[in-house]
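*Asks:* What follows is a structure written as C-alpha coordinates; I'll ask about it next.
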Amino acid sequence: MADSKLTICLVCLCLLSPVVMAEDRITVSHYQVQARYEFGLRLLDLALSKLNIDYEITSPYQENPLGINEARGEYKVINGDLDLEFRSTSEKLEASMIPIRIPIYQGILGLRLLLIKPSMNSTIGNVNSLEDLRPYVAGHGLHWGDLPVYRKNNLKVVTSPKYENLFNMLIGGRFDYFHRGVSEIWDELDRYSGDLVIADNIMLFYPHPVYFFVSKSRPELAVLIEKGLQMSINDGSYKRLFQQTYSESIRKARLHDRRLIRLVNPVIPQDTPVIDTSWWMPEKYRNN
(Lines give C-alpha, C1' and ligand atoms only; values in the text may rest on other atoms or scores of the structure.)
Protein backbone atom coordinates (compact mmCIF):
# COMPACT_ATOMS: atom_id res chain seq x y z
CA MET A 1 0.00 0.00 0.00
CA ALA A 2 2.84 2.40 0.92
CA ASP A 3 4.53 1.71 -2.41
CA SER A 4 1.31 2.43 -4.33
CA LYS A 5 0.84 5.74 -2.49
CA LEU A 6 4.39 6.73 -3.29
CA THR A 7 3.79 5.89 -6.94
CA ILE A 8 0.67 8.07 -7.01
CA CYS A 9 2.55 10.99 -5.42
CA LEU A 10 5.39 10.71 -7.92
CA VAL A 11 2.92 10.68 -10.79
CA CYS A 12 1.22 13.80 -9.43
CA LEU A 13 4.54 15.57 -9.05
CA CYS A 14 5.40 14.72 -12.64
CA LEU A 15 2.07 16.11 -13.83
CA LEU A 16 2.46 19.29 -11.82
CA SER A 17 6.15 19.84 -12.49
CA PRO A 18 5.57 22.27 -15.40
CA VAL A 19 3.80 24.58 -12.96
CA VAL A 20 6.09 24.35 -9.94
CA MET A 21 9.51 23.88 -11.58
CA ALA A 22 10.46 27.05 -13.44
CA GLU A 23 13.56 25.48 -14.97
CA ASP A 24 11.52 22.85 -16.87
CA ARG A 25 10.60 23.74 -20.46
CA ILE A 26 6.91 23.98 -21.31
CA THR A 27 6.07 22.96 -24.87
CA VAL A 28 2.82 24.19 -26.41
CA SER A 29 1.87 22.54 -29.69
CA HIS A 30 -0.79 23.83 -32.10
CA TYR A 31 -1.87 23.60 -35.75
CA GLN A 32 -2.77 27.22 -36.57
CA VAL A 33 0.13 28.28 -38.79
CA GLN A 34 -1.65 30.47 -41.36
CA ALA A 35 -0.99 34.23 -41.31
CA ARG A 36 -4.52 34.96 -40.06
CA TYR A 37 -3.64 33.29 -36.74
CA GLU A 38 -0.58 35.43 -36.06
CA PHE A 39 -2.14 37.67 -33.40
CA GLY A 40 -3.42 34.74 -31.34
CA LEU A 41 0.04 33.20 -31.30
CA ARG A 42 1.64 36.52 -30.38
CA LEU A 43 -0.80 36.87 -27.51
CA LEU A 44 -0.03 33.33 -26.36
CA ASP A 45 3.66 34.21 -26.41
CA LEU A 46 2.98 37.42 -24.45
CA ALA A 47 1.02 35.51 -21.79
CA LEU A 48 3.69 32.86 -21.31
CA SER A 49 6.43 35.50 -21.24
CA LYS A 50 4.87 36.96 -18.08
CA LEU A 51 5.66 33.77 -16.16
CA ASN A 52 8.96 32.59 -14.75
CA ILE A 53 9.14 29.60 -17.07
CA ASP A 54 11.08 28.34 -20.07
CA TYR A 55 8.64 27.63 -22.89
CA GLU A 56 8.39 26.83 -26.57
CA ILE A 57 5.41 27.35 -28.88
CA THR A 58 5.65 24.89 -31.74
CA SER A 59 3.66 23.27 -34.54
CA PRO A 60 4.24 20.08 -36.54
CA TYR A 61 2.73 21.97 -39.51
CA GLN A 62 5.14 24.92 -39.47
CA GLU A 63 6.60 23.99 -42.87
CA ASN A 64 3.14 23.61 -44.39
CA PRO A 65 1.65 27.10 -44.89
CA LEU A 66 -1.86 25.68 -45.32
CA GLY A 67 -1.70 23.59 -42.14
CA ILE A 68 -4.81 21.51 -41.48
CA ASN A 69 -8.43 22.59 -41.21
CA GLU A 70 -10.21 23.40 -37.95
CA ALA A 71 -12.12 20.12 -37.78
CA ARG A 72 -8.94 18.05 -37.96
CA GLY A 73 -7.13 20.37 -35.58
CA GLU A 74 -9.96 20.25 -33.05
CA TYR A 75 -9.88 16.45 -33.15
CA LYS A 76 -6.15 16.43 -32.43
CA VAL A 77 -6.47 18.82 -29.48
CA ILE A 78 -9.34 16.86 -27.97
CA ASN A 79 -7.35 13.63 -28.30
CA GLY A 80 -4.24 15.18 -26.79
CA ASP A 81 -2.12 14.95 -29.96
CA LEU A 82 -1.87 18.76 -29.85
CA ASP A 83 -2.11 21.03 -26.83
CA LEU A 84 -4.12 24.04 -27.90
CA GLU A 85 -6.25 25.83 -30.45
CA PHE A 86 -8.09 29.16 -30.48
CA ARG A 87 -11.60 29.21 -31.89
CA SER A 88 -14.91 30.99 -31.55
CA THR A 89 -16.59 29.48 -28.53
CA SER A 90 -19.54 27.11 -28.40
CA GLU A 91 -21.05 24.77 -25.83
CA LYS A 92 -19.57 21.82 -27.70
CA LEU A 93 -16.03 23.20 -27.60
CA GLU A 94 -16.29 24.25 -23.96
CA ALA A 95 -17.40 20.73 -23.04
CA SER A 96 -14.68 18.91 -24.98
CA MET A 97 -11.67 21.10 -24.07
CA ILE A 98 -10.65 23.55 -21.33
CA PRO A 99 -11.78 27.07 -22.32
CA ILE A 100 -9.87 30.11 -21.13
CA ARG A 101 -12.66 32.66 -21.14
CA ILE A 102 -10.65 35.74 -22.02
CA PRO A 103 -11.59 36.89 -25.55
CA ILE A 104 -8.43 36.91 -27.64
CA TYR A 105 -9.61 39.52 -30.15
CA GLN A 106 -11.82 41.56 -27.81
CA GLY A 107 -14.73 40.81 -30.15
CA ILE A 108 -13.21 42.49 -33.19
CA LEU A 109 -13.34 39.27 -35.22
CA GLY A 110 -17.13 39.59 -35.09
CA LEU A 111 -16.95 42.84 -37.03
CA ARG A 112 -17.06 41.78 -40.66
CA LEU A 113 -16.30 43.66 -43.84
CA LEU A 114 -17.32 42.14 -47.15
CA LEU A 115 -14.93 41.13 -49.92
CA ILE A 116 -16.70 41.34 -53.27
CA LYS A 117 -15.98 41.59 -56.96
CA PRO A 118 -15.86 45.25 -58.08
CA SER A 119 -18.95 44.79 -60.23
CA MET A 120 -21.02 44.03 -57.09
CA ASN A 121 -20.19 47.25 -55.25
CA SER A 122 -23.10 49.21 -56.66
CA THR A 123 -25.53 46.69 -55.16
CA ILE A 124 -24.01 45.10 -52.05
CA GLY A 125 -22.26 48.34 -51.14
CA ASN A 126 -25.66 50.00 -50.83
CA VAL A 127 -27.34 47.37 -48.65
CA ASN A 128 -29.15 49.07 -45.76
CA SER A 129 -30.51 46.21 -43.68
CA LEU A 130 -30.33 42.48 -42.97
CA GLU A 131 -33.37 42.01 -45.15
CA ASP A 132 -31.59 43.74 -48.03
CA LEU A 133 -28.60 41.40 -47.63
CA ARG A 134 -30.57 38.15 -47.71
CA PRO A 135 -30.86 37.81 -51.51
CA TYR A 136 -27.04 37.64 -51.75
CA VAL A 137 -24.95 34.52 -51.09
CA ALA A 138 -22.01 34.45 -48.66
CA GLY A 139 -18.92 32.27 -48.72
CA HIS A 140 -17.90 30.51 -45.52
CA GLY A 141 -15.51 27.89 -44.23
CA LEU A 142 -17.26 24.56 -43.74
CA HIS A 143 -15.78 23.95 -40.28
CA TRP A 144 -15.77 27.51 -38.94
CA GLY A 145 -17.49 27.93 -35.62
CA ASP A 146 -19.59 30.92 -36.67
CA LEU A 147 -21.27 29.21 -39.62
CA PRO A 148 -24.54 28.83 -37.62
CA VAL A 149 -24.67 32.63 -37.29
CA TYR A 150 -25.39 33.02 -40.97
CA ARG A 151 -27.91 30.20 -41.06
CA LYS A 152 -29.71 31.53 -37.96
CA ASN A 153 -30.02 34.94 -39.62
CA ASN A 154 -31.40 33.36 -42.81
CA LEU A 155 -28.42 34.36 -44.93
CA LYS A 156 -27.57 32.13 -47.88
CA VAL A 157 -24.18 30.43 -47.59
CA VAL A 158 -21.87 28.39 -49.82
CA THR A 159 -19.11 26.54 -47.94
CA SER A 160 -15.69 25.06 -48.61
CA PRO A 161 -13.49 23.02 -46.25
CA LYS A 162 -10.42 24.89 -47.56
CA TYR A 163 -9.87 28.54 -46.67
CA GLU A 164 -7.86 29.45 -49.78
CA ASN A 165 -10.46 27.97 -52.11
CA LEU A 166 -13.03 30.50 -50.95
CA PHE A 167 -11.25 33.40 -52.64
CA ASN A 168 -11.16 31.65 -56.00
CA MET A 169 -14.79 30.64 -55.59
CA LEU A 170 -15.72 34.29 -55.00
CA ILE A 171 -13.73 35.43 -58.03
CA GLY A 172 -15.40 32.68 -60.06
CA GLY A 173 -18.90 33.82 -59.09
CA ARG A 174 -19.85 30.87 -56.86
CA PHE A 175 -21.13 33.34 -54.28
CA ASP A 176 -21.48 37.12 -53.92
CA TYR A 177 -19.45 38.12 -50.87
CA PHE A 178 -16.91 36.74 -48.42
CA HIS A 179 -17.26 38.27 -44.95
CA ARG A 180 -13.91 38.80 -43.28
CA GLY A 181 -12.87 40.19 -39.91
CA VAL A 182 -11.72 43.79 -40.01
CA SER A 183 -8.50 42.52 -38.44
CA GLU A 184 -7.75 40.01 -41.21
CA ILE A 185 -9.16 41.43 -44.42
CA TRP A 186 -6.30 43.73 -45.42
CA ASP A 187 -3.67 41.09 -46.10
CA GLU A 188 -6.27 39.10 -48.02
CA LEU A 189 -7.21 42.16 -50.07
CA ASP A 190 -3.54 42.69 -50.93
CA ARG A 191 -3.31 39.13 -52.23
CA TYR A 192 -6.36 39.50 -54.46
CA SER A 193 -6.33 43.25 -55.15
CA GLY A 194 -6.70 42.76 -58.88
CA ASP A 195 -9.93 40.84 -58.50
CA LEU A 196 -11.62 41.87 -55.24
CA VAL A 197 -12.54 45.00 -53.30
CA ILE A 198 -14.14 45.76 -49.94
CA ALA A 199 -17.81 46.68 -50.21
CA ASP A 200 -18.46 50.35 -49.46
CA ASN A 201 -20.59 51.59 -46.57
CA ILE A 202 -21.57 48.29 -44.94
CA MET A 203 -20.30 46.15 -42.05
CA LEU A 204 -21.73 43.23 -40.10
CA PHE A 205 -21.36 42.54 -36.39
CA TYR A 206 -22.19 39.64 -34.10
CA PRO A 207 -20.87 38.56 -30.68
CA HIS A 208 -17.87 36.40 -31.53
CA PRO A 209 -15.68 35.56 -28.53
CA VAL A 210 -12.59 33.59 -29.52
CA TYR A 211 -10.87 31.70 -26.70
CA PHE A 212 -7.81 29.58 -26.21
CA PHE A 213 -8.96 25.98 -25.81
CA VAL A 214 -6.52 23.63 -24.11
CA SER A 215 -6.54 19.83 -24.29
CA LYS A 216 -7.97 18.23 -21.17
CA SER A 217 -4.73 16.28 -21.00
CA ARG A 218 -2.89 19.55 -20.18
CA PRO A 219 -4.83 21.22 -17.32
CA GLU A 220 -1.62 22.70 -15.91
CA LEU A 221 -1.07 24.50 -19.24
CA ALA A 222 -4.53 26.07 -19.05
CA VAL A 223 -3.69 27.41 -15.57
CA LEU A 224 -0.45 28.94 -16.85
CA ILE A 225 -2.00 30.60 -19.90
CA GLU A 226 -4.87 32.10 -17.92
CA LYS A 227 -2.47 33.44 -15.31
CA GLY A 228 -0.26 35.00 -17.98
CA LEU A 229 -3.23 36.56 -19.78
CA GLN A 230 -4.48 38.12 -16.55
CA MET A 231 -1.03 39.54 -15.88
CA SER A 232 -0.89 41.03 -19.38
CA ILE A 233 -4.31 42.62 -18.88
CA ASN A 234 -3.31 44.06 -15.52
CA ASP A 235 -0.06 45.61 -16.75
CA GLY A 236 -1.60 46.96 -19.97
CA SER A 237 0.61 44.95 -22.34
CA TYR A 238 -2.35 43.01 -23.79
CA LYS A 239 -4.11 46.23 -24.79
CA ARG A 240 -0.89 47.69 -26.20
CA LEU A 241 -0.35 44.59 -28.34
CA PHE A 242 -3.95 44.78 -29.58
CA GLN A 243 -3.67 48.45 -30.48
CA GLN A 244 -0.27 48.07 -32.13
CA THR A 245 -1.64 45.22 -34.23
CA TYR A 246 -5.07 46.55 -35.19
CA SER A 247 -5.17 50.35 -34.93
CA GLU A 248 -4.21 50.79 -38.59
CA SER A 249 -6.78 48.21 -39.74
CA ILE A 250 -9.48 49.96 -37.73
CA ARG A 251 -8.49 53.34 -39.14
CA LYS A 252 -8.58 52.08 -42.74
CA ALA A 253 -11.98 50.46 -42.20
CA ARG A 254 -13.67 53.86 -41.55
CA LEU A 255 -16.07 52.29 -39.07
CA HIS A 256 -17.81 55.60 -38.32
CA ASP A 257 -18.84 55.91 -41.97
CA ARG A 258 -20.37 52.46 -42.35
CA ARG A 259 -23.86 51.14 -41.73
CA LEU A 260 -23.82 48.46 -39.05
CA ILE A 261 -25.99 45.36 -39.51
CA ARG A 262 -26.22 43.24 -36.38
CA LEU A 263 -26.58 39.46 -36.52
CA VAL A 264 -27.66 37.03 -33.83
CA ASN A 265 -25.10 34.42 -32.72
CA PRO A 266 -26.99 31.27 -31.63
CA VAL A 267 -23.98 29.15 -30.60
CA ILE A 268 -22.32 31.06 -27.77
CA PRO A 269 -23.17 29.67 -24.31
CA GLN A 270 -25.71 31.65 -22.30
CA ASP A 271 -23.22 32.44 -19.54
CA THR A 272 -20.58 33.82 -21.93
CA PRO A 273 -19.05 36.98 -20.41
CA VAL A 274 -19.86 40.23 -22.23
CA ILE A 275 -16.94 41.50 -24.32
CA ASP A 276 -15.65 45.02 -23.78
CA THR A 277 -15.64 46.42 -27.33
CA SER A 278 -14.61 49.91 -26.24
CA TRP A 279 -11.07 49.22 -27.46
CA TRP A 280 -12.26 49.60 -31.05
CA MET A 281 -16.03 49.97 -31.60
CA PRO A 282 -17.32 53.49 -32.38
CA GLU A 283 -19.27 54.72 -29.38
CA LYS A 284 -22.46 55.25 -31.39
CA TYR A 285 -22.64 51.48 -32.06
CA ARG A 286 -21.70 50.04 -28.66
CA ASN A 287 -25.09 49.82 -26.96
CA ASN A 288 -27.65 49.63 -29.73
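*Asks:* Quick check on my link table: of Lys76/Lys216; Lys50/Lys76; Lys152/Lys284; Lys117/Lys162; Lys50/Lys92; Lys92/Lys152, which ones sit more than 23 Å apart, alpha carbon to alpha carbon? Kindly include the intermediate steps, with their values, before the conclusion.
*Replies:* Values: Lys76/Lys216 12 Å; Lys50/Lys76 27 Å; Lys152/Lys284 26 Å; Lys117/Lys162 20 Å; Lys50/Lys92 30 Å; Lys92/Lys152 17 Å.
With Cα atoms farther than 23 Å apart: Lys50/Lys76; Lys152/Lys284; Lys50/Lys92.
*Asks:* Could you calculate the contour length gain from Arg25 to Asn201, that is, 0.36 nm times the residue separation minus the distance between their Cα atoms, to one decimal place in nm?
*Replies:* That pair, Arg25 and Asn201, stretches by 58.4 nm at full extension.
*Asks:* I've got another one for you. Express in Å², to the nearest 10, the accessible area of Val157 obtained by rolling a 1.4 Å probe over the protein heavy atoms while all chains stay in place.
*Replies:* Ignoring ligands and nucleic acids, Val157 comes out at about 40 Å².
*Asks:* Also, quick follow-up: If you take every DSSP beta bridge whose two residues both sit in the chain, what share of them, in percent to the nearest 5, is antiparallel? Walk me through the intermediate numbers first.
*Replies:* On the way: 16 of 32 bridges.
Percentage antiparallel, nearest 5: 50.
*Asks:* Considering amide H positions built from the backbone, and no H for Pro or chain starts, which residues 5 or more places from Ile26, or on another chain, come under 5 Å of its amide H?
*Replies:* Asp54, Tyr55, Glu56
*Asks:* Could you work out the longest stretch of the chain that avoids the GluC sites (Glu not before Pro) located in DSSP loops with at most 11 other Cβ atoms within 10 Å? Could the numbers behind the result be given before it?
*Replies:* Working: sites that count: Glu23, Glu63.
Result for the longest clean stretch: 64-288.
*Asks:* Report the Cα centroid-to-centroid distance between region 107-132 and region 237-272 in angstrom, as an integer.
*Replies:* 16
The values are calculated or read from the model by the stated rules, or taken from the named source; none is laboratory data. Source: prediction; values computed, not measured. Glycine also receives a Cβ, built like all others from the backbone with ideal geometry; neighbour counts cover every protein chain displayed. The accessibility values were calculated without ligands, DNA or RNA, using every heavy atom of the protein model including side chains. Shrake-Rupley method; radii C 1.70, N 1.55, O 1.52, S 1.80 Å.
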